[in-house]
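Reviewing the structure listed below.
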Amino acid sequence: MCGRFTLHTSRSDLQLAFEGFVFTDEVEPRYNIAPTLDILVVANDGKREVRQARWGLIPGWAKDPRVGSRMINARSETLAQKPAFREAYRNRRCLVIADGFYEWRKEPEGGKTPIYIQLRDGRPFAFAGLWARWRPESGEPVTSCTIVTTAPNDLMATIHNRM
């Protein structure tokens, strides 16, 4: 689920939708947000700030940050068991801000069709997420995150096997 999403809502509309949160970074309209890009999150660190994190969780024990490109989504059913997500599940949850996402429906004759999904009124929303801070041997720490997925509801089940 969710390998691409959008965030094109204006900063002022985001501030209305997420009232009480402080936006520390600029908000540029983006229509094709891909894994490994910086995205807007609200971490459960008590600061109530909306800030950027790299999409693709890099666990603190990782030797190479490229491992994050394989951890863009995390299955809700196994968060507590998987070593890559267990610590973040216990202590580092977040909201990932979006206003739509793409899912690819498998077609009976083969191939896939991209489907754009958003709220009926087009308002922004948040995915559940987990975050981590990875410290390389040299350089600045990297804050990264993953989007939590689950079994689909009736609407999403016609498009994809996760949501």
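Structure notes:
- Chymotrypsin sites (Phe, Trp or Tyr not before Pro) restricted to DSSP loop in segment 73-116 with at most 16 other C-beta within 10 Å: none
- When each of Lys47/Lys82; Lys47/Lys112; Lys47/Lys106 is checked by Cα-Cα distance, pairs over 32 Å: Lys47/Lys112; Lys47/Lys106
- Between the labelled values [x] 19.4; [y] 17.9; [z] 16.4, the entry that holds Kirkwood radius over Cα pairs in Å as derived from this structure is [z].
- Net charge of Cβ neighbours under 14 Å - reference Asp64; Lys, Arg +1; Asp, Glu -1: +4
- Test item: Cα-centred dipole of segment 48-100, Lys/Arg +1 and Asp/Glu -1 on Cβ, debye: 160
- Computed over the chain, relative contact order equals 25 percent, with contacts defined as Cα pairs under 8 Å that lie 6+ residues apart.
- Within the chain, longest stretch clear of exposed trypsin sites (Lys or Arg not before Pro) (DSSP loop, no more than 16 other Cβ within 10 Å): 64-119
- Only Lys, Arg, Asp and Glu carry charge here, each on its Cβ (+1 for the first two, -1 for the last two); on that basis the chain has a dipole of about 560 debye about its Cα centre.
- DSSP-loop GluC sites (Glu not before Pro) across segment 63-163, with at most 11 other Cβ within 10 angstrom: Glu109, Glu137
- Length gained when the stretch Asn161-Asp121 is fully extended (0.36 nm per residue, less Cα-Cα span): 11.9 nm
- With the simple spin-label model, which puts each label point 7 Å out from Cα in the Cβ direction, the Gln52 to Arg30 separation comes to 0.8 nm.
Values quoted throughout were computed directly from the atomic coordinates according to the rules given, and no laboratory measurement underlies them. Predicted model only: the values in this text are computed from it and were never measured. Here the Cβ is made from the backbone with ideal geometry for all residues, glycine too, and neighbour counts use every protein chain on show.
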